[in-house]
Every structure is written in structure tokens, then in C-alpha cells.
Amino acid sequence: MADTNPFPGENNTGHFWDDNLRELKNPPPRWWMIAFWLSLAWWVLYGLLYPMWPTPPWKLDETDQEFTQGMLDWSSIKEFERGMAQVEEVRAEYDQRIAAMSAEEILDDPGLLQYTLASSKVLFGDYCAACHGSGGQGNPGYPVLADNDWLYGGTLSKIIETITGGRKGNMIAHEKILSEQEVDTLANFVVNLSKGQPGSEEAWALFRGKGCTGCHGAEATGVIATLPNGSIVTVGAANLTDTLWRFRPGGYESAKHTILYGVNQTGVEQTRNAVMPAFGGAGSAEGRLDAEQIKKLAVYVHELGGGQ
Amino acid sequence: MLSRSKSSPSMCMSWAAVNRRVVEPVDDLYADAEHWQVNAGDETIHAKRLPGRWRRIKWLASSVWLIFFLGPYVRWDGRQAVLFDIPSRQYHLFGATVLPQDFWMLSLLLLFFAILLAVATALAGRVYCGFFCFQTVWTDVFTWIEEWLEGDPRTRRQLDRAPWSAQKLRIKSLKHLLWLLIGFATGWSFVAWFYGIFPLWRDFFTGQANGVVYSFVALFTVGTYVLAGWLREQVCFWLCPYARIQGVMLDRSTLVPAYDLLRGEPRGRLRKDAEPESDPHGDCIDCNQCVAVCPTGIDIRAGQQEGCITCALCIDACDSIMDKVGRPRGLIRYASLDEIEGQPARPLLLSVRVWLYLAILLLSVVGIGYGFSTLTSIELKVLHERSPLFVQMSDGSIQNQYTLKVLNKANVDLTAHITATSPVPMEVKGVEDALSVKHGEVTPMRVFVRIEREHLSGTSLPIFFTAEGQFPDGTPVRAERESAFFAPAP
């Protein structure tokens with residue numbers, strides 16, 4: 001370091017090496033430094049206002065680490081919880097009105113119907129879609145809910161009954177009851193009915209004679225009787241006269257299989273499976289849905305496209 | 001910062017010889033560059049104000065910003081003519097109401113302004129910076145107030161240096177108070193475009209406006225005060241991206257305020273005894289007035305440079321001097337670099353770039369015009385249900401489900417009737433009742449369409465939905481949307 005400054009007035013630091021190698025002072029502009037200190041102050045302020053400083057005990061995993069709470073008491077999870085509480089508040093108003101109404105009344109209220117359909121979509125996804133498909137389009141072995149073919153009736157009260165208590169189809173296996181010839185006749189008969197053809201006299205005679213009418217009805221429509229108030233009585237047997245098949249892909253082989261091995265027959269290895277569990281009775285050991293949820297779900301299913 | 005000025009000396013040379021041969025020429029380089037300095041705002045630039053043609057044009061251009069302050073008071077149909085109502089997602093532009101759905105027009109508007117900036121820059125340099133930019137205009141007004149209170153630049157510098165006195169405190173505090181007031185008016189007017197000017201008058205001073213309003217007014221007050229009062233040309237130098245972008249859009253044929261160096265050089269001070277014929281000097285008398293009036297503190301005679309916002313005030317200054325010394329005006333004038341260097345000036349309108357800019361400009365204007373001319377009061381959207389795409393019903397017919405969404409952009413409620421048409425007969429369920437659509441809302445409805453198997457020849461056919469309604473004043477509205485009907489392969 002030199003005793004005298006050989007470059008006076010140059011704004012240097014006074015440090016010299018090798019006569020003329022020196023360090024100059026060229027500080028950032030004052031406004032820049034002010035901005036710098038202000039941003040530091042902001043950092044401290046931010047740390048006081050928001051959760052920022054980790055607090056002991058120290059955790060290796062950041063997600064487990066506790067932080068200071070911040071004077072504003074804000075955190076993203078608290079904001080999320082507040083938002084959810086608001087949503088619940090809005091929903092509660094609708095849910096209270098729905099609770100006081102029957103499923104039929106909901107259908108007549110466009111606003112509430114809209115809310116019911118929107119809010120039941122999740123319920124349907126959670127409890128129904130695994131078997132019936134996300135849009136009620138069905139799956140092999142599981143009925144389509146979007147069409148207008150109902151085994152147990154497509155009115156709101158029937159749908160509620162189905163969801164609450166579940167359903168279990170029952171058709172005896174005919175492999176030991178009917179001859180091969182008779183099974184062939186009946187399978188062809190069912191195929192013809194589904195194509196809109198009347199079916200031969202011989203086949204109708206066999207159909208009635210073997211007791212099929214007991215479940216499928218005298219007209220093979222799945223309806224045993226129609227009550228004076230218009231509602232129908234069924235045991236869940238398929239309507240054989242429509243174009244839809246309970247067990248896909250449908251057609252001769254499907255029909256033959258069902259006739260031979262029946263539905264839900266114990267001891268029959270190739271029997272059809274057709275069980276819907278009961279979803280009602282929330283609170284009990286196996287109960288899953290409460291009456292309100294079932295009511296909303298029934299409306300949802302009814303409105304999938306084929307409700308009666 | 002280290003100033004390296006020494007190359008490694010060979011050991012056989014004496015140190016003094018090295019000093020002479022190596023160091024001295026380098027020190028000369030320092031001396032060369034000594035005049036250059038970074039304008040980092042260490043020293044406040046007190047620019048001189050001179051009357052003149054460009055000064056008048058500048059005030060005229062600045063006055064465009066009065067729209068910003070007075071615009072919110074303009075009424076239309078019983079409400080504020082231009083109101084960006086963010087909470088209800090409605091943007092009123094005189095008679096038209098723009099909803100977020102129409103925001104593709106905003107992108108065209110942004111494109112329009114971006115290209116306008118480009119075309120203006122290609123033609124006349126940073127004309128936006130010099131005449132219209134809020135930073136320029138607000139700084140101009142702020143320094144005008146400063147001059148009014150503190151006097152001309154020399155007095156101002158003296159006042160800055162003078163020790164604090166009661167008078168200095170009075171003048172300075174009045175100045176800062178006025179600056180803050182303008183800042184407040186700026187924030188106030190900005191918020192008024194979003195909040196409504198009359199609600200703002202009603203709510204602001206009674207503490208009933210929301211926190212966002214107060215925050216924005218505070219932000220703009222402080223921002224205006226700091227940017228126009230303290231940072232000034234530093235914003236153009238160091239903060240503004242436009243300034244940098246515009247710099248690269250100039251070329252040799254762009255008109256910019258330029259110093260005619262062929263005519264002006266060699267510059268020299270005017271001497272009374274010099275004979276005009278024997279005077280070796282050019283027209284520039286080196287009076288430095290062009291530098292004195294420059295709001296960014298540059299010397300235009302050094303040529304185009306990043307600090308020049310092309311405000312043309314140096315042209316006024318130079319012209320007034322040329323008038324005084326009896327030489328023709330235009331030593332500093334709007335001219336292209338080609339023209340200044342005595343080369344034939346290529347007409348700007350022959351430049352491909354300018355035509356390209358203009359084409360894009362036209363395209364975006366046409367797009368915006370189309371958008372506004374086709375703004376409808378209602379909009380119909382049709383969502384075809386995809387899960388399942390179609391359902392076979394018990395009688396063999398095929399059913400499709402649609403969700404129709406009717407958006408009512410008007411400010412009154414509406415009742416809409418939905419109809420559907422297709423090339424084949426069909427049964428439509430869900431449209432029997434009229435749909436009541438609240439204003440400013442989207443109302444959904446589900447529609448089922450069923451078509452008999454015998455009418456279906458392919459896997460899809462077109463289907464048209466129409467929403468029709470009538471406003472209370474009898475104006476009919478109508479919206480259409482095409483969708484498709486899907487069926488399994490026959």
C-alpha cells in the first residue's frame with residue numbers, strides 16, 4: 001500500500017500494487033442500494049407475517065417440518081380449509097332443502113335437480129361406477145343404467161328400494177330339467193322375441209308349460225302383474241321381448257347359457273352372477289349410505305337417461 | 001472494480017521503460033473514455049424548458065392522458081361507459097358487454113398494440129416513448145411543477161445544494177405534496193375504471209371500499225411518486241423493456257431526431273470577430289442547448305443512443321438558436337441516418353417490414369371488428385355426453401345425451417326455448433319447458449335425443465340446436481350450435 005495516492009481524485013480505494021494496479025470504488029447508485037435494503041427489510045417482514053422459519057425439532061423430511069405460524073395466521077392449508085368450509089356452507093343450504101323433499105319433488109325443481117345431479121356425481125363415482133360404469137353404461141355382467149330397461153322398475157321409489165336393499169337375481173338352472181332340444185327351442189324363441197318376431201306356437205307352449213311365466217310374466221315382458229295404481233310387480237326377471245340383453249353379448253349362445261345354468265345358483269359352476277349389494281343403513285356394520293345420499297343417487301340414476 | 005493496466009514485463013527491461021512503453025498509452029485510453037459515464041441517477045437531471053413547436057406537440061400528445069382521468073365520468077345507458085367489472089366478469093364498452101368468453105378479442109387487441117408499437121418505431125423511432133408513454137408524460141408534468149415551484153434549472157441546482165431553511169422546506173414539501181396528490185389522482189382514476197367512479201366517490205372516503213381498492217390506490221400513489229418524481233429517466237434507462245425492444249426496431253431509414261453532423265461539424269463557439277467566409281467551423285456553435293433541454297441528459301450530437309426517447313425537445317432548442325444566429329433551422333431535425341450521411345433516403349413505404357407490420361395491424365383490426373359485430377347477447381354451447389357415447393333403448397332405438405349451456409350476456413333475465421333439428425326424424429326429451437336464464441350466468445340443461453334404428457344409416461349424423469328467446473323490450477335473440485349424434489355401427 002502506498003503512503004501517498006499517486007492517482008488523486010480518481011475515486012480509488014487507496015490500495016496499490018505494482019505502482020499502478022489499484023482498486024477503484026464504483027458503488028452501485030444510491031437508489032439501487034435503497035432498493036436492496038428495502039428488499040432485505042421486506043424479507044424480514046415477510047418472515048414475520050407468513051410461515052417461514054423452521055422450528056425445532058428438526059426433521060429431515062421437509063413435509064414433516066414445523067414452521068413458525070406467521071402473524072397473519074395464513075398458510076395454504078388453512079386457506080384451503082377456509083375455502084372448503086365456505087363450500088360446505090353453500091352446500092348445507094341446498095342439502096337442507098333436499099332433506100325436506102321427496103325424490104319426486106327434487107325432479108320438479110330445476111335448480112335443486114341441477115345441484116343434486118352435480119353433487120351426486122361423486123357419490124356415483126365412489127359407489128356405483130365400479131360395476132355400472134362412470135356414465136351408467138354398464139359392464140359385462142352388470143346392467144346398463146342409462147337405458148330404459150329396468151329389471152326391478154325404473155321409478156324413483158323402485159330405484160331407492162334397489163340401492164337401499166340391494167338385489168339378487170334368481171333363475172334356476174335347467175340343464176337337468178330340460179332336454180337339449182327344449183333348451184334350443186327356448187333359446188331360439190328368446191332370440192326371435194328380441195328381434196320383434198312373435199315366436200312360434202310350439203315355443204310359447206313350452207315357455208308356459210315349463211313355468212317360465214312365473215317370473216318372466218305371461219307376455220314374457222318380465223312383468224308379473226300391473227297394479228291398479230299403474231305400478232308393476234316384478235321379481236327381477238328380464239323383459240324377453242325388448243332388444244336389450246341382461247347378459248351380454250346377447251343372442252342364442254347367451255340365452256342358452258342362462259337357461260342351462262341359471263342365475264345365482266349355488267353348486268352350479270357356470271351359473272350367471274347377478275348380485276347387487278345393499279347400500280342402505282348407514283351406521284350399521286355393513287351400511288354404507290344414508291337415506292339422503294340414496295335419495296340423491298336415485299335421482300341421479302333416474303336421470304341417466306331411462307328413468308320412469 | 002480492478003483497473004488492469006499492466007502487461008507482464010520482460011525481465012530484461014527496466015521498470016521505468018515498461019512504464020513508458022506500456023502504461024502510458026493505456027492511461028491515454030482512460031483519458032479517452034473519461035467523459036463517458038453511466039447515467040445511473042447519481043445526479044438529478046434538471047432539464048431546461050424552452051417553448052417551441054415540438055413542445056406544443058408534446059403537450060398535445062400528453063393531453064390524450066386526460067381520457068384516463070376523465071373517462072370514468074362518461075355515462076352510457078345509465079352506467080359507466082367503460083367499466084371493467086372484474087367481480088362479475090363483465091367488461092362494458094359503451095353499448096357492448098364483453099364476457100370472458102369473448103376474450104380472444106383481447107389477444108387481438110394486444111397484438112394490435114404490439115404491432116402498432118412496431119410500425120410506429122419502424123417509421124418514426126421511439127415516438128411512443130417521447131410523446132405518449134406515461135413515464136414520459138408524468139415525469140414531464142412533475143418537472144413542470146418543479147420548475148413552477150423552484151425555478152429554472154440553475155436555481156433548482158442551487159436550491160438542492162443550499163442548506164435546509166424554512167423556505168427550502170416549504171418549497172420542497174409543497175412539491176412533494178403535489179406529486180403525491182397527482183399520484184393519488186392516478187391511482188384513483190385507475191381504480192375507477194374497475195370499480196366505477198361514482199361508487200368510488202361514495203365508498204372510498206367512508207372506508208367502505210374493499211382492501212383491493214385501497215391497496216391499488218396506495219400502490220399507484222407511491223408508484224407514481226417514486227417513478228415520476230425520483231426515478232424519472234432512470235426508468236427508461238434501466239427498467240423499461242419497451243425501451244430496449246424499440247431500440248432494435250430502428251434501421252437506417254427510420255426518422256429520428258438527428259444531428260446533421262455534416263453541416264454542424266467541426267463545431268465551435270461563435271466569436272464576434274470571426275468572418276463568416278474565413279470561419280472554419282460548421283453550423284454547430286457548441287452552445288450545448290440541446291444537452292441542456294434533454295430530459296434524459298444525453299448529447300444528441302453523439303448520434304442515436306439508448307438514452308434518447310426521441311422527444312424532439314432538442315430540435316426546438318437548436319432551432320431557436322439557429323434563428324438567433326441567423327442560420328437555417330434543422331441542424332437537429334427529424335431525419336433518417338441515411339439522410340444525415342448524405343445517402344439517398346429509401347422511402348419507408350417501400351420497406352417490406354413496414355408492409356408486413358401494416359398487414360398484421362389490418363388483420364387484427366378486422367378480427368376485432370368481426371368480434372364486435374358478431375357479439376351476441378346469448379351463446380349456446382353443446383356438450384355431447386361421451387360416457388356413454390350412445391345408449392340402446394329397449395325398443396332398439398339409440399339415445400344420446402347432451403348438456404346444453406346457455407350463456408346470457410345481457411343485463412336482464414331471459415327465457416329461452418331450445419329446439420333441435422336433424423336430417424332424420426327424432427324424439428327430443430328435456431326441452432319441453434322453457435329455460436330461464438339469469439343475466440350474466442351460464443345455465444345448463446340436459447337433453448336426450450332418441451332416433452329409431454331404421455333412420456340410422458351410419459355411425460354419426462349432424463344435429464343442430466337452437467336457443468331462441470326474447471328480452472323484455474321485445475328484442476329477439478337466437479343462438480345456434482351444431483353437434484353430432486352417434487350410434488353403433490348398424
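Can you confirm whether B:Leu383 is within 14 Å of chain A (Cβ to nearest Cβ), open to solvent by 30 Å² or more (accessible area, probe 1.4 Å) and not in a loop (DSSP other than H, G, I, E, B)? The answer is yes for B:Leu383. Hey, does the stretch A:159-174 have a residue that's closer than 28 Å to A:Glu105 by Cβ, open to solvent by 50 Å² or more (accessible area, probe 1.4 Å) and within 14 Å of chain B (Cβ to nearest Cβ)? No: zero hits.
Yes or no, residue by residue, for (1) within 14 Å of another protein chain (Cβ to nearest Cβ); (2) under 30 Å from B:Leu231 (Cβ atoms); (3) open to solvent by 70 Å² or more (accessible area, probe 1.4 Å):
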| residue | (1), (2), (3) |
| --- | --- |
| A:Asn12 | yes, yes, no |
| A:Phe16 | yes, no, no |
| A:Trp37 | no, yes, yes |
| A:Ala41 | no, yes, no |
| A:Pro51 | no, no, no |
| A:Lys59 | no, no, yes |
| A:Glu66 | no, no, yes |
| A:Ser102 | no, no, no |
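Okay, residues lined up against (1) on the phi > 0 side of the Ramachandran plot; (2) part of a loop (DSSP other than H, G, I, E, B); (3) within 13 Å of chain A (Cβ to nearest Cβ):
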{"site": "B:Thr376", "(1), (2), (3)": "no, yes, no"}
{"site": "B:Ser387", "(1), (2), (3)": "no, yes, yes"}
{"site": "B:Gly396", "(1), (2), (3)": "yes, yes, yes"}
{"site": "B:Val406", "(1), (2), (3)": "no, no, yes"}
{"site": "B:Ala410", "(1), (2), (3)": "no, yes, no"}
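For (1) touching a Ser or Thr at 6+ places or on another chain (Cβ under 7 Å); (2) closer than 13 Å to B:Ala416 by Cβ, each residue gets a yes or a no:
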| position | (1), (2) |
| --- | --- |
| B:Pro444 | yes, yes |
| B:Ile451 | yes, no |
| B:Leu456 | no, no |
| B:Pro462 | yes, no |
| B:Gly469 | yes, yes |
| B:Asp473 | no, no |
| B:Pro476 | no, yes |
| B:Glu482 | no, no |
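Report, by residue number, each residue of the stretch B:116-166 that is under 30 Å from B:Leu350 (Cβ atoms) and in a loop (DSSP other than H, G, I, E, B). The answer is B:Gly125, B:Arg126, B:Cys133.
Take the residues in the stretch A:192-220 that are within 14 Å of chain B (Cβ to nearest Cβ) and open to solvent by less than 50 Å² (accessible area, probe 1.4 Å), then tell me which one is farthest from A:Trp150 (Cα to Cα). Once the filter is applied, the top-ranked residue is A:Leu193.
Going by the conditions given, is A:Ala291 open to solvent by less than 50 Å² (accessible area, probe 1.4 Å) and more than 30 Å from A:Gln197 (Cβ to Cβ)? Here the answer is no, as A:Ala291 does not meet what is asked. Residues of the stretch B:351-377 that are of a type in the set (Gly, Ala, Ser) and either touching an Asp or Glu at 6+ places or on another chain (Cβ under 6 Å) or open to solvent by 70 Å² or more (accessible area, probe 1.4 Å) (or both): B:Ser373 alone.
Listed by position, the helices (runs of 4 or more DSSP H) inside the stretch B:288-350 whose residues that are more than 31 Å from the chain's Cα centre (by Cα) and surrounded by fewer than 18 Cβ atoms within 10 Å (Cβ to Cβ) number at least 1 are B:313-325. Just one of the numbered conditions (1) in a loop (DSSP other than H, G, I, E, B); (2) farther than 21 Å from A:Arg248 by Cα; (3) out of contact with any helix residue (DSSP H, G or I) (no Cβ under 9 Å at 6 or more places or on another chain) is not true of A:Gln181: (1). Just the residues that are of a type in the set (Ser, Thr, Tyr), more than 14 Å from chain B (Cβ to nearest Cβ) and part of a loop (DSSP other than H, G, I, E, B), please, taken from the stretch A:235-255. Passing the criteria: none in range. Assess whether A:Ala298 counts as being hydrophobic (A, V, I, L, M, F, W, C), surrounded by fewer than 20 Cβ atoms within 10 Å (Cβ to Cβ) and out of contact with any Lys or Arg (no Cβ under 8 Å at 6 or more places or on another chain). It is false that A:Ala298 is hydrophobic (A, V, I, L, M, F, W, C), surrounded by fewer than 20 Cβ atoms within 10 Å (Cβ to Cβ) and out of contact with any Lys or Arg (no Cβ under 8 Å at 6 or more places or on another chain).
The residues of the stretch A:68-83 that are open to solvent by 80 Å² or more (accessible area, probe 1.4 Å) and in contact (Cβ under 8 Å) with a residue 24 or more places away in the chain amount to a single one, A:Trp74. Checking each residue of the stretch A:253-260 against the condition of being within 15 Å of A:Ala173 (Cα to Cα), of a type in the set (Lys, Arg), surrounded by 18 or more Cβ atoms within 10 Å (Cβ to Cβ) and in the same structural domain as A:Gly196 (by TED's automatic domain parsing) gives at least one match. No other residue among A:Asp147, A:Asp95, A:Asp108 is under 30 Å from B:Glu441 (Cα atoms) and surrounded by 13 or more Cβ atoms within 10 Å (Cβ to Cβ) apart from A:Asp95.
Residues in the stretch B:412-445 that are among the β-branched types (Val, Ile, Thr) and either free of Cβ contacts under 8 Å to residues at least 24 places away in the same chain or open to solvent by 30 Å² or more (accessible area, probe 1.4 Å) (or both) were compared, and the one that is farthest from the other protein chains (Cβ to nearest Cβ) is B:Thr421.
Of the residues making up the stretch A:18-35, those that are among the acidic types (Asp, Glu) and surrounded by 13 or more Cβ atoms within 10 Å (Cβ to Cβ) are A:Asp19, A:Glu23.
Across the stretch A:221-234, the number of residues qualifying as open to solvent by 30 Å² or more (accessible area, probe 1.4 Å) and part of a loop (DSSP other than H, G, I, E, B) comes to 9.
Results for (1) assigned by TED's automatic domain parsing to the domain that holds B:Lys58; (2) without any contact (Cβ under 8 Å) to a residue 60 or more places away in the chain; (3) polar (S, T, N, Q); (4) under 27 Å from B:Arg49 (Cα atoms), shown as yes or no for each residue.
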| residue | (1), (2), (3), (4) |
| --- | --- |
| B:Arg161 | yes, yes, no, yes |
| B:Gln167 | yes, yes, yes, yes |
| B:Ile171 | yes, yes, no, yes |
| B:Leu177 | yes, yes, no, yes |
| B:Leu180 | yes, yes, no, yes |
| B:Gly196 | yes, no, no, no |
| B:Arg202 | yes, yes, no, no |
| B:Val213 | yes, yes, no, no |
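Within the stretch B:169-189, restricting attention to residues that are of a type in the set (A, V, I, L, M, F, W, C) and closer than 17 Å to B:Leu159 by Cβ, the residue that is least open to solvent (accessible area, probe 1.4 Å) is B:Trp179. In the stretch A:35-86, the qualifying residues are those that are among the β-branched types (Val, Ile, Thr) and either in a helix (DSSP H, G or I) or under 40 Å from the mean Cα position of the chain (by Cα) (or both), and the one that is modelled with the lowest pLDDT is A:Thr63. Is at least one residue of the stretch B:260-280 polar (S, T, N, Q), at negative phi and crowded, with 19+ Cβ neighbours inside 10 Å? Within the stretch B:260-280, not a single residue is polar (S, T, N, Q), at negative phi and crowded, with 19+ Cβ neighbours inside 10 Å.
In this structure, is B:Ser173 farther than 24 Å from B:Leu60 by Cβ and either within 14 Å of another protein chain (Cβ to nearest Cβ) or polar (S, T, N, Q) (or both)? Taking the combined requirement at face value, the residue satisfies it. Can you confirm whether B:Leu227 is within 14 Å of chain A (Cβ to nearest Cβ), under 20 Å from the mean Cα position of the chain (by Cα) and free of Cβ contacts under 8 Å to residues at least 24 places away in the same chain? The answer is no for B:Leu227.
The values are calculated or read from the model by the stated rules, or taken from the named source; none is laboratory data. The model shown is predicted, which means the values in this text are computed figures rather than measured ones. In this analysis, Cβ positions are derived from the backbone assuming ideal geometry, glycine residues included, and neighbour counts consider all displayed protein chains. Note: areas computed on protein heavy atoms with side chains; ligands, DNA, RNA excluded. Shrake-Rupley method; radii C 1.70, N 1.55, O 1.52, S 1.80 Å.
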